[in-house]
Amino acid sequence: MFIRLAALADGTNTVHETSAPEEIGLDAEIFHSPVELTGEVHRSENGFDFRLHVATEGDFVCDRCAVGFRRTVESDIRLLAVRRTGHAPREREAEGLVTIGMHDAEINLDQEILDALILGLPMKILCREDCRGLCPRCGADLNEGPCGCENTTLGYGGDETPEKL
């Protein structure tokens, strides 16, 4: 997703861009909704201060109960783009800091957006915070209620507490 730097006025500018997920490197089988980028870019004589929010929706499978669900994935991006003298190519100096050439007319934020969205995913993807998962004995979805297993001493059949471990 490109931001036209030449079109930005001095001071604070509002940004609203959309892109297809596959255009920035997201898996099109998981992410079906457009990626929306909103926020502000402050332009000064030395560079640009990006304060952005990125969001899209994806189809996931719960790590506990294996039920498919749709969830919004979103994250904030803070990036400083500093002008470098000469015609040096864009470089990533440190996290959140890039150098751009003095005459660069646009900046490609695909990598920053991709990084922000991937890091915005939880390590364990759950359909809901209190997901109870599947019964390890019969495979029933415990979110729908007790599974009915005859042996409930390990708590699989409902809310019973374990008597022996």
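Since every read-out is calculated from the coordinates, none of them should be taken as a lab result. Because the structure is predicted, anything quoted here is derived from the model rather than measured. Here the Cβ positions follow ideal geometry from the backbone for every residue, glycine too, while neighbour counts run over all protein chains shown.
How large is the charge dipole for the range 2-131, taken about the Cα centre, if only the Cβ atoms of Lys, Arg (+1) and Asp, Glu (-1) carry charge, to the nearest 20 debye? Don't skip to the answer; put the middle values down first.
Values: 13 positive and 25 negative charges, 40 e Å.
For the range 2-131, the charge dipole is close to 200 debye.
Could you tell me whether the range 2-131 comes out rounded, prolate or oblate from its Cα gyration tensor? Rule is a ≥ b ≥ c as square roots of the eigenvalues, rounded for a/c under 1.5, then prolate if a/b exceeds b/c, otherwise oblate. Spell out each step's value before the answer.
Details: a/c = 2.63, a/b = 2.47, b/c = 1.06.
Judged from the Cα gyration tensor, the range 2-131 comes out prolate (a/c at least 1.5, a/b above b/c).
How much length is gained on full extension from A66 to H53, taking 0.36 nm per residue of separation minus their Cα-Cα distance?
Numbers: separation 13, 0.36 × 13 = 4.68 nm, distance 2.97 nm.
Full-extension gain reported as 1.7 nm.
Provide the gained length on full extension for the span T18 to E36, in nm with one decimal, where the gain is 0.36 nm per separating residue minus the Cα-Cα distance.
Working: separation 18, 0.36 × 18 = 6.48 nm, distance 0.46 nm.
Full-extension gain reported as 6.0 nm.
Between the range 1-25 and the range 50-65, what's the alpha-carbon centroid distance in Å?
20 Å
Count neighbours as other Cβ atoms within 10 Å of each site's Cβ, and list the GluC sites (Glu not before Pro) in the range 9-50 that are DSSP loop with at most 13 such neighbours.
Details: sites: E17, E22, E23, E29, E36, E40, E45; in loops: E29, E45.
Here the sparse-neighbourhood loop sites are E29, E45.
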